[in-house]
Structure formats: structure tokens, C-alpha cells
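Read through the structure below, which is laid out as C-alpha cells, and then see the notes.
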Amino acid sequence: MTETPTETAVRLPDPLWVEDVRPEWIDYNGHLSEAYYVLVFGHATDAFLAWLGMSPDHVAAVGTSMYTLEAHVRYLYQVPPGARLQVRTSVLQVTAKLLWLWHEMWCDGELRATEEVLMVHVDALVGRSSPMPDALRERIEQLQVPVPEQASRRITLG
């Protein structure tokens, strides 16, 4: 299954994150265990935040961060041992406090998985949501792309 990668007006690095599958990530079926898809997507989210300037040093200095509220993973195709994974990231929407990301995991030219992530901007010192600084929100707004047809799906049996 091959899908066209999401395009952006202001370009993020493509791919944003690259990581090799480690031997200990392989399950008894001989391919990437489901927990490690989430780990790799988490690394891509961290890379996105760092690209925005929200590094661990920034978080420590300013006291604000982004927390994940919800995530949805679609496992589309197996990932073999030793594969090199590339994650492409897009911004679907942003509000004063919320950020909706779309990750695509690619391997050998094939889309293997996607993850949607809903994040909230927080004042980590008080543990409550807070509006993003205007400059940060405006920078993120420039990255928005149309919501892909595959996003916001729910699990159904029929």
C-alpha cells in the first residue's frame, strides 16, 4: 500500500525523524512490535517540538511544554527487522492551546503506519493548560495542511 506523503507550504525537514529498528523491538511474529511504532512516533513528536524550539532546555527555562492528550495509530503494513524508518510530520490544526499532528511512518518507499496526536500547551509549573505564545502559534499555523481523508477515523466493525 503506497499513499502520497502530505505536502506543506512551509516545509518541515522531510523526513523529520529517522530511526533504525533494533533487534529487541521485534516480536514473536518476526516484525516490529506495536509498542515500538508508538515509541518511534514519540521520538518524531519530540523532534518536531525541538524543531519549533521547544527543546528540554527551553521547557526548563520557560516552564511551558506540550502534553499529549490523545493519540490514534493505524498499523498499515508490517515493518521487518533492521528496517530504517522515516517519519514525516504535518500539522493539521492549531488553536490557542491545542495542536493536532499527523505522523506518517515510511519504510522502503511504503507507508507502514500513521499516528494522529492531539497535544495541549501547558504551564508545567502549575500543571494547567495555557495559551501558546503568539509567535509560536503563528509559526505552527504556517505549517498547517489539509486534513487527510484517513484522519479522524474511528474503529468500527461494519
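The values are calculated or read from the model by the stated rules, or taken from the named source; none is laboratory data. Keep in mind the model is a prediction, meaning the values are calculated, not measured. Heads up, the Cβs are rebuilt from the backbone with ideal geometry, glycines too, and the neighbour counts pull from every protein chain shown. Surface accessibility is based on the protein's heavy atoms, side chains included, excluding ligands, DNA and RNA. Shrake-Rupley method; radii C 1.70, N 1.55, O 1.52, S 1.80 Å.
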Looking only at region 125-135, decide whether some residue is surrounded by 13 or more Cβ atoms within 10 Å (Cβ to Cβ), at pLDDT 95 or above and within 17 Å of Asp46 (Cβ to Cβ). no
How many residues are assigned to a helix (DSSP H, G or I) and of a type outside the set (S, T, N, Q) if we restrict to region 42-79? 17
Filter region 110-124 for residues that are surrounded by fewer than 21 Cβ atoms within 10 Å (Cβ to Cβ) and at pLDDT 95 or above; the one that is farthest from Pro13 (Cα to Cα) is Val122
Within region 137-154, considering residues that are in contact with a His (Cβ under 9 Å, 6 or more places away or on another chain) and modelled with pLDDT under 95, the one least open to solvent (accessible area, probe 1.4 Å): Ala151
Expected output for region 127-155 (first residue among the acidic types (Asp, Glu), partner surrounded by 11 or more Cβ atoms within 10 Å (Cβ to Cβ) and not in a loop (DSSP other than H, G, I, E, B), Cβ below 9 Å, 6+ apart or cross-chain) is Glu141/Val91; Glu141/Val94
Here's a check for you: in region 102-126, which residue that is in contact (Cβ under 8 Å) with a residue 12 or more places away in the chain and in a loop (DSSP other than H, G, I, E, B) is farthest from the chain's Cα centre (by Cα)? Leu125
Pairs needed: first member in region 83-95, open to solvent by 20 Å² or more (accessible area, probe 1.4 Å); second member anywhere, at pLDDT below 95; C-beta distance under 6 Å; at least 6 residues apart or different chains. Gln86/Pro15; Arg88/Pro5; Arg88/Asp14; Arg88/Pro15
Which of the residues spanning region 53-80 are over 13 Å from the mean Cα position of the chain (by Cα), open to solvent by less than 80 Å² (accessible area, probe 1.4 Å) and closer than 30 Å to Tyr28 by Cα? Leu76, Val79, Pro80
Tally the residues that are open to solvent by 30 Å² or more (accessible area, probe 1.4 Å) and in a helix (DSSP H, G or I), restricting the search to region 12-41. 7
